[in-house]
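Q: Can you read through this structure? Questions will come right after.
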Amino acid sequence: MRSDSVKGESDYLAAAVSIPSATPPFTELQGQYLAFIYAYTKLNRRFPAEADMQRYFGTTPPTVHRMVLELERRGLIRRSAGQARSIELLLAPELLPVLR
């Protein structure tokens, strides 16, 4: 009886290991930007400005702007034209990586 139990458990573990994990729809760096947008919004109760991301990631304004455009193009964020601080996250928080 014990051997059946162990065999059943090992079959279950083998099946769990062989299930391919879902690949997120963003790169590691894009995930960090998304995690920052989420964390910033939760802490400050407003959406971040591109300048906030520039300070956090230590990059140039064009670099941050290109990232924002790419995230928007991929449908991961939404912005309102002509409105400051309008970067809104469109992913569920549980899909985001941990902010480093």
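Q: Identify the residue in the range 37-67 that is more than 17 Å from the chain's Cα centre (by Cα) and hydroxyl-bearing (Ser, Thr, Tyr) and, among all such residues, is most open to solvent (accessible area, probe 1.4 Å).
A: Result: THR60.
Q: Being touching a strand residue (DSSP E or B) at 6+ places or on another chain (Cβ under 7 Å), exposed (fewer than 14 other Cβ atoms within 10 Å of the Cβ) and not hydrophobic (A, V, I, L, M, F, W, C): is that true of ARG78 here?
A: So ARG78 fits the description; yes.
Q: Please note which helices (runs of 4 or more DSSP H) are completely contained in the range 1-87 and include at least 2 residues that are at pLDDT below 95.
A: Numbers: elements: 2-18, 28-44, 50-57, 61-73.
The qualifying helices (runs of 4 or more DSSP H) are 2-18.
The values are calculated or read from the model by the stated rules, or taken from the named source; none is laboratory data. Since we're looking at a predicted model, the values are computed, not measured. Methodologically, a virtual Cβ is constructed for each residue, glycine included, from the backbone with ideal geometry; neighbour enumeration extends over all protein chains shown. Accessible surface is based on the protein model in full, side chains and every heavy atom, while ligands, DNA and RNA are left aside. Shrake-Rupley method; radii C 1.70, N 1.55, O 1.52, S 1.80 Å.
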